[in-house]
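We did not get these values from a lab; they are worked out from the coordinates using the rules stated. What you are looking at is a predicted structure, and each value in this text was computed from that prediction instead of being measured. All Cβ positions, even for glycine, are placed from backbone atoms using ideal geometry, and neighbour counts span all protein chains on display.
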Amino acid sequence: MSQSTSPSPSARPPLKILLAAPRGFCAGVDRAIKIVELALKKFGAPVFVRHEIVHNRHVVDSLRAKGAIFVEELDEIPDTGAPVIFSAHGVPKSVPADARRRNLFYLDATCPLVSKVHTEARIHHEEGLEIVLIGHAGHPEVIGTLGQLPAGAATLVETPEDARAFTPVDPKRLAFITQTTLSVDDTAAIVAILKDRFPAIVGPRKEDICYATTNRQAAVKAIAPACDALIVVGAPNSSNSLRLVEVSERAGCPKSVLLQRGRDILWADFDGIGTLGITAGASAPEELVDEIIDAFRERFDVTVESVVSTEERIAFNVPRELREAVPS
């Protein structure tokens with residue numbers, strides 16, 4: 001990172017920032033963070049959280065400072081009466097079963113739109129259908145969805161090549177579900193291959209890729225062709241943030257980068273640009289967007305234009321056990 005001093009105001013080159021909207025927190029992320037904060041308010045510290053509540057280090061560190069203890073597995077948690085919270089990405093059925101066996105008090109912060117996919121998976125299985133899960137191996141959401149089913153009940157398909165190579169037991173008894181944070185275009189290509197090969201395949205009544213993923217990708221497509229560079233504010237383990245970088249590249253932006261904080265900016269990457277796009281993944285707080293804009297204001301004569309592609313008014317309720325902790 002360049003350590004050079006900021007230019008004087010008169011020497012700052014002009015820079016137009018196109019700010020994509022919607023961006024940042026989705027309703028599921030907002031709900032998950034609120035669950036941790038309300039549990040801390042109602043029950044006091046510590047509150048245990050299995051896995052990062054959402055994929056953003058800034059959010060996790062902020063909650064840790066308030067008294068949340070993050071673990072990867074339940075066996076890291078001592079016998080306790082403190083709340084145990086499951087992350088927004090969802091968990092295999094074995095996790096709440098283990099919690100009940102240990103008499104742990106748990107709160108489930110799984111995004112309701114992920115829970116919808118879990119329900120679809122269970123219904124397809126109960127109806128005797130073989131399941132194709134379109135998603136990324138090793139992602140917590142995929143692990144949680146596969147964990148709703150007996151071993152071997154679902155096959156993970158990551159690429160068009162996987163879709164072409166997949167051989168079902170019975171092509172007429174087949175269903176597909178998807179991870180909620182995938183590339184809309186990539187997933188459509190995979191689904192098209194599956195439908196072409198297996199015309200009887202059953203899909204979700206309503207698309208599994210969540211509204212927030214779809215809207216954020218559409219917002220990037222709206223600004224990327226006009227940008228010399230585009231920044232996605234988000235974490236490197238955030239699937240939806242990584243997809244936004246890919247969407248920007250494919251939409252014609254010459255340079256698309258993922259950044260976590262203003263201090264991560266490599267200034268040489270932005271020499272000579274006139275128009276910069278900025279968006280944020282669904283687990284990135286708005287204050288990190290502001291931080292990056294402020295960093296550019298120190299070096300450029302910045303004007304900011306918000307480009308709104310759609311309005312979002314979705315909100316999800318917190319669990320019943322926490323509702324009395326919600327401020328009126």
Using a Förster distance of 25 Å, the FRET efficiency for R122-V307 (Cβ separation, nearest 0.05) = 0.05
message = Straight-line reach from K16: which aspartates and glutamates fall under 18 Å, measuring Cα to Cα and dropping same-chain residues less than 8 apart?
response = D228, D269, D271, D290, E291, D294, E298, D301, E305
task = Please pull out the direction-averaged projected area of region 257-328, using the convex hull of its alpha-carbon atoms, in nm² to one decimal place.
result = 7.5 nm²
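Just how many % of Cα pairs in region 45-159 lie over 25 Å apart, if you round to the nearest whole percent? Write out the running numbers ahead of the final one.
Values: 1785 of 6555 pairs.
I get 27 percent for the Cα pairs in region 45-159 exceeding 25 Å.
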key: Rg over Rh [alpha-carbon atoms, Kirkwood Rh] for region 170-221   = 1.03
message = Please rank S183, S62, S94, fewest neighbouring Cβ atoms within 10 Å first, as an exposure proxy.
response = S94, S62, S183
query = Roughly how tilted is helix 239-250, in degrees to the nearest 10 and between 0 and 90, from the longest Cα axis of the chain?
reply = 50 degrees
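For the chain, what is the per residue volume of the convex hull drawn over the alpha-carbon atoms, in cubic angstrom? Don't skip to the answer; put the middle values down first.
Values: hull volume 50.5 nm³, N = 328.
About 154 Å³ per residue, rounded to a whole number.
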query = Taking only DSSP H segments of four or more residues, each worth -39500 (n - 2.57), what value at 222 nm results for the chain once the sum is divided by all its residues, to the nearest 500 deg cm²/dmol?
reply = -10500 deg cm²/dmol
Lysines whose Cα lies under 17 Å from that of K116, excluding same-chain neighbours fewer than 8 positions away = K93, K206
note = Rounded to the nearest Å, the spacing of the alpha-carbon centers of region 185-242 and region 155-180 is 18 Å
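Ranking I134, I143, I123 by Cβ neighbours within 10 Å, fewest first, what do you get?
By the 10 Å Cβ count, ascending: I123, I143, I134.
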query = For the Cα atoms of the chain, what angle does the longest principal axis make with the long axis of helix 286-297, in degrees from 0 to 90, nearest 10?
reply = 20 degrees
ask   = Dimensions of region 113-197 along principal axes (Cα, Å, largest first)?
value = 28, 26, 19
On Cα atoms only, tilt of 57-66 relative to the major axis of the chain in degrees = 80 degrees
key: Cα lying deepest toward the dipole's positive end in region 113-197, options G144, S183, H125, charges on Cβ   = H125
note = Listed with the fewest Cβ neighbours within 10 Å leading, V132, V302 appear as V302, V132
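Need one number for region 27-111: average projected area of the convex hull over its C-alpha atoms, nm².
Numbers: hull surface 19.4 nm².
Computed as one quarter of the Cα hull surface, the answer is 4.9 nm².
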